[in-house]
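Working notes, structure below.
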Amino acid sequence: NDRKLRMWIYFTLLVVALLIIVVTVHFSRTNEVNPEPSTSTVTINGQSQSCEDYWQPVDITFYMMTLDRDDELTLATVTISTYLTDTSTESILKVAFQYLASPPVRIDGMFPVLPTGTKVKSVSIKDGVVYVDFSREILFPEYPSATSESLALCAIAAIPSQVGIDSV
C-alpha cells in the first residue's frame, strides 16, 4: 500500500511537471505570422548588403469564409502585414491569391475560400487585366455549394482591387 501511494505521488508530480512545461512553452511562443527580418547582412557575389535591401514590408488583404448571425456563408476581409523580397504587383497578387487557399493565420470560425491544396501557378497582368493560373485542386472544393463557389469567385475578383486593378 505504501509503495502504491509513493508511485501515485511520483506519477502525479510527473504529470504536474509536464503540464507546467507545456503551459510555459505554449505561452512563451510569439504569435507573429511573419516576424520582422533581422537587420543583419548577407553576402551575395562577394558583396555585403543589408537584409533590409531584400525584405520589404507589405500589407496584403485576402478573404476567408465565415458564417454570419443567420448561419449564412459570407466573406470576411483579413489584412496582414508581411515581408516580401519581391514587391512587384504580380508578386503581391500571387501571395494574396495563395492566401485564399492557404491563409497564413488561423482564425476561429473562419476557413479558406479556395480548396486546400490549391496552388497559384502564375499571375500576370496584361492590358489592365489580371490573369491567374490555379492548380487543378481549385476544381474540387471540400464542401461544394453554389454559395461557396460564388464567394470564391467574389474573393478572386476582389483581390486585384488592392493594387488598383478591377479586371480578372
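The values are calculated or read from the model by the stated rules, or taken from the named source; none is laboratory data. Just so it is clear, the model here is predicted, and its values are computed rather than measured. All Cβ positions, glycine included, derive from the backbone under ideal geometry; neighbour counts span all protein chains shown. Accessible surface is based on the protein model in full, side chains and every heavy atom, while ligands, DNA and RNA are left aside. Shrake-Rupley method; radii C 1.70, N 1.55, O 1.52, S 1.80 Å.
Per the listing ASN45, ASN31, the residue uniquely modelled with pLDDT under 60 and at positive phi is ASN45. I'm checking my understanding of the structure. Among residues of the stretch 65-115 that are over 23 Å from GLU142 (Cβ atoms) and assigned to a loop (DSSP other than H, G, I, E, B), which one is most open to solvent (accessible area, probe 1.4 Å)? Applying the filter and picking the extreme gives ARG69. Scanning the stretch 143-167 for residues that are surrounded by fewer than 17 Cβ atoms within 10 Å (Cβ to Cβ), within 17 Å of TYR131 (Cβ to Cβ), out of contact with any Gly (no Cβ under 9 Å at 6 or more places or on another chain) and of a type in the set (Val, Ile, Thr) yields a single hit, VAL163.
When ALA101, ALA96 are screened for being touching a Phe, Trp or Tyr at 6+ places or on another chain (Cβ under 8 Å) and either within 30 Å of VAL130 (Cα to Cα) or modelled with pLDDT of 85 or more (or both), only ALA96 passes.
Among the residues of the stretch 116-133, none qualifies, meaning not one is in a helix (DSSP H, G or I), open to solvent by less than 60 Å² (accessible area, probe 1.4 Å) and under 11 Å from GLN98 (Cα atoms).
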